[in-house]
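In what follows, a single structure is set out as C-alpha cells and then discussed.
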C-alpha cells in the first residue's frame, strides 16, 4: 500500500466515526441510546438493516466464492424478500404496538419469563460467537498486508469498534450505516468496472460472461431438490426463508435496527427496501468475483491465494512437492488460457462446433486446476497443521493489492473495514440491549443505576467476549461467510419456532414451548454433528420441531390433567 | 374539492398488498432473469 492508500484508509474510517459521533452528540436517554429515540425515516432504516447484514465477510468471502464456486451462492438470498413481506405483516406491527426494546420482551407477555430467558440466552450465545468471526474477518486483511500478529490485530479491531459503539449508541451506529452503504456501493462499482477494463482489449463484458458460463461460474439457478446440496433454488427459497425470517424477526441486531423507525410504516418500508435490493446487491458482489476469475484466465493466478502459507511451504521440508505442483498449475493455466482464446475465436466466427469443443477443453482444464489446488491445500495443511486450507477469503484481497490502482486500494480496504465496523457495532449494541433489558432488568428490577451507563459497561463486556472468540476463529478452516451462516442456522430455527408459536398458536403455553425448544435445539445439534443435511435445513427442522412438539406437549398435558380431574 | 392525501400509514406504492406484490414480483423476475442468463451463456 502506498501513502495515498494509507491516507484514504485512515481518513475514511476517521471521518465515518466522527460523523457518527457528531450526529449522536448530546445527552442520551435509554430510548435514544438503544433505539435512536424511534426517530428514523424508512430509507435510513432500510440502509441500516442492509449495512448490518453486509459485514466485511460479505466483501471478502462472496467474491472468493464467485471466483471458485460460481454464482450459485446468490440462491441463498431468495428467501429474503419473502421473509421481509411476512415480517412487515406480522412482526413489525406487534413489536411497535407493544413498544418493546427487544424482541424477547414480547415473549414474557405471551408466555413466561423462562421462555424469554431461554430465547434471549440462545441469541446472546449465537450472536456473541458470530460477532467474534466478524471481528476476525477484517483482521486477516491487516495481518496479511502488514504482517501483523493476527491476535493483536483482532484485539485492535474489536477495541476500535468498541470505543465508538460505547460512546455513540444506536444513533451513531445508524448514521455511520448510511455513509457506509454509500462508500461500499461506489467502491464495488469501481472495482467491477476496472476488472472488466483490465481484460484484454478484444474482450468485452459479454465475452467475459461467455468464458465464465463455459467454465461453470454462471451457475445461478439449480432446480434439483437435494437436501445435501448447500445451495439450490429450494434450499434458498425454503431454508433461506426460514433463516432470514429468524434473522430479521428474532435477532436483536436486526430488530433493533427496524425498531428505530418512527412509525410502523417507516419500519415496514425499510424492510421492503431491503427485500428489493438485497438479491441484486449480492448478485453484483458475486459477479465481481466471477469477473476476477475471468481476469485470471489472462494473468498468472497464484496457486494458493494465502501468500503467508505459500512462503512457509517454500521454506519448509515440502518445498520440493510444492514446486512440482506449482509447475503443474502453470502448465494447466496455460492450457486453460489457450482454451479461452480458442473459445473467443470460435464465438467471434460464430462457429458452434468449435465453441462447444473449446468450452469442453476449458471445463477440463478448469477441473484439473481445481484438483491441483486441492493438492496444494493439502500440502499447506501438512506443512502447517494450524493453517487454513481454504484460501477463498484471500482471493479478492490479493486481486485488489496486485492489480488495482493506488488510491482505490485504500478505498476498497476502507470499504472492508467500515462494513465490518458497521455490523460489529450493531451486534455489540444488540448484545448490550438484550443483556440490560432481558437479563439485568429481570434480575435487578429495582436497580437505581442509570441504564445508559449499565448499557455502556455491558457493551464493553461483550466486546471483550467477542474479541476472545475472534482469537480462536482462525482454526475453523472454512469460508467465513459460511461459518457465520452455519452458526446462525444452529440457533435461528429454534428461536423462530418459539416466535411462530407465540404469534400463530394462541392455545400453546410457556411450559410446552420451553421444553419443545430445548429438545429441538438438541436435535439440531445432533443433525449438525452427524452431518445429516445441508445447514440451511437446520432452520426448517428447528422451527417445525418447536411448533409440532409444543403442540404435542400441550395436548398430552391437557389430557393428563383432564384424566386427573375426572379421577 | 381537492381529494385528501391517503392516510400516512400507506406505503409509497399505494397500498400494502401492492407493495408486497412488488417485492415478490421483483424476486420472480430476478429468478427468471438469472435462469435466462445462465442458459444463454452456458
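Bear in mind that the values in this text are calculations on the coordinates, not laboratory data. Quick caveat, the model's predicted, so the values are computed rather than measured. Counting neighbours? That spans all protein chains shown, and the Cβs are built from the backbone with ideal geometry, glycine included.
For labels at residue A:156 and residue A:468 in the simple 7 Å Cα→Cβ model, what's the distance in nm?
2.4
Taking beta carbons within 10 Å but only from partner chains, what does the mean come to for residues A:63-75?
Numbers: counts 0, 0, 0, 0, 0, 0, 0, 1, 3, 1, 0, 3, 2.
The per-residue average across the peptide is 1.
Report the paramagnetic label zone for residue A:7: residues of the stretch A:403-425 whose backbone N is under 15 Å from a point 7 Å from Cα along the Cα-to-Cβ axis.
It comes to A:406-411, nothing else.
Given 0.36 nm per residue, what is the gain on full extension from residue A:182 to residue A:331 after removing their alpha carbon distance, in nm?
Values: separation 149, 0.36 × 149 = 53.64 nm, distance 4.25 nm.
Stretched fully, the residue A:182-residue A:331 segment lengthens by 49.4 nm.
Sort A:544-555, A:503-514, A:342-353 by packing, meaning the average of other beta carbons within 10 Å per residue, with the highest value first.
On the way: A:544-555: 19.1, A:503-514: 17.3, A:342-353: 14.3.
Peptide ranking by packing, descending: A:544-555, A:503-514, A:342-353.
Given a Förster distance of 30 Å, report the FRET efficiency between residue B:40 and residue A:194 from their Cβ-Cβ distance, rounded to the nearest 0.05. Mind showing how you got there, number by number?
Details: r = 25 Å, r/R0 = 0.83.
In this case the efficiency is close to 0.75.
Counting partner chain Cβ atoms within 10 Å of every residue's Cβ in A:212-222, what's the average? Walk me through the numbers on the way to the answer.
Numbers: counts 1, 6, 2, 0, 1, 1, 7, 3, 10, 9, 1.
Mean partner-chain Cβ count within 10 Å for A:212-222: 4.
Under the definition of Cα pairs under 8 Å and six or more residues apart, what whole-number percent is the relative contact order of chain A? Present the calculation step by step, with values, prior to reporting the outcome.
Working: 878 pairs, mean separation 174.0, N = 567.
31 percent.
Mind ranking A:165-173, A:407-415 by how tightly packed they are, going by the mean number of other C-beta atoms within 10 angstrom, highest first?
Working: A:165-173: 25.1, A:407-415: 21.1.
Highest to lowest by the protection proxy: A:165-173, A:407-415.
Would you work out if the stretch A:276-379 is rounded, prolate or oblate? Take a ≥ b ≥ c from the square roots of the eigenvalues of the alpha-carbon gyration tensor; rounded if a/c is under 1.5, else prolate when a/b is larger than b/c, oblate otherwise.
Details: a/c = 2.94, a/b = 1.36, b/c = 2.16.
In terms of gyration-tensor shape, oblate.
Give the distance, in whole Å, between the Cα centre of the stretch A:103-176 and the Cα centre of the stretch A:211-255.
Their Cα centres are 24 Å away from one another.
Relative to the longest principal axis of chain A, what angle (0 to 90°, nearest 10) does the C-alpha long axis of helix A:392-403 take?
Its long axis makes an angle of about 50 degrees.
So if I take the centroid of the Cα atoms in the stretch A:507-553 and the same for the stretch A:3-18, what is the distance between those two points in Å?
Here the two parts' Cα centres lie 46 Å apart.
Can you tell me, using C-alpha contacts under 8 Å and at least 6 residues apart, the relative contact order of the stretch A:309-385 as a whole percent?
On the way: 51 pairs, mean separation 33.8, N = 77.
Relative contact order of the stretch A:309-385: 44 percent.
Using Cα centres only, tell me the gap between the stretch A:19-78 and the stretch A:442-456 in whole Å.
The stretch A:19-78 and the stretch A:442-456 have Cα centres spaced 28 Å from each other.
Return one number: the angle in degrees, 0 to 90 and rounded to the nearest 10, between the long axis of the Cα atoms of helix A:510-529 and the longest principal axis of the Cα atoms of chain A.
With rounding to tens, the tilt is 20 degrees.
Other chains' Cβ within 10 Å of A:79-87 residues: what's the mean?
Values: counts 1, 2, 9, 4, 0, 4, 8, 1, 0.
Across the residues of A:79-87, the mean count of other-chain Cβ atoms within 10 Å is 3.
Based on the mean of other beta carbon atoms within 10 Å per residue, what is the order of A:532-538, A:460-466, A:13-19, most packed first?
On the way: A:532-538: 21.1, A:460-466: 19.4, A:13-19: 16.3.
Sorting A:532-538, A:460-466, A:13-19 by mean packing, highest first, produces A:532-538, A:460-466, A:13-19.
Helix A:264-295 versus the longest principal axis of chain A: what angle, 0 to 90°, nearest 10, using Cα atoms?
Helix A:264-295 sits at roughly 20 degrees to that axis.
Counting alpha carbon pairs within less than 8 Å and at least 6 residues apart, what relative contact order, in whole percent, applies to the stretch A:382-495? Write down the numbers at each step before the final one.
Values: 38 pairs, mean separation 49.7, N = 114.
Computed over the stretch A:382-495, the figure is 44 percent.
In terms of the Cα gyration tensor, with a ≥ b ≥ c the square roots of its eigenvalues, is the stretch A:1-133 rounded because a/c is under 1.5, prolate because a/b exceeds b/c, or oblate?
Working: a/c = 1.99, a/b = 1.29, b/c = 1.54.
Here the stretch A:1-133 falls in the oblate category.
In nanometres, what is the gap between the two model label sites at residue A:15 and residue A:228, each 7 Å from Cα along Cα-to-Cβ?
5.2
Residue separation times 0.36 nm, minus the C-alpha to C-alpha distance between residue A:350 and residue A:522: what's the value?
Details: separation 172, 0.36 × 172 = 61.92 nm, distance 5.83 nm.
Length difference between fully extended and current span is 56.1 nm.
Suppose each label sits 7 Å from its Cα in the direction of the beta carbon; what would the residue A:557-residue A:97 distance come out to in nanometres?
2.6
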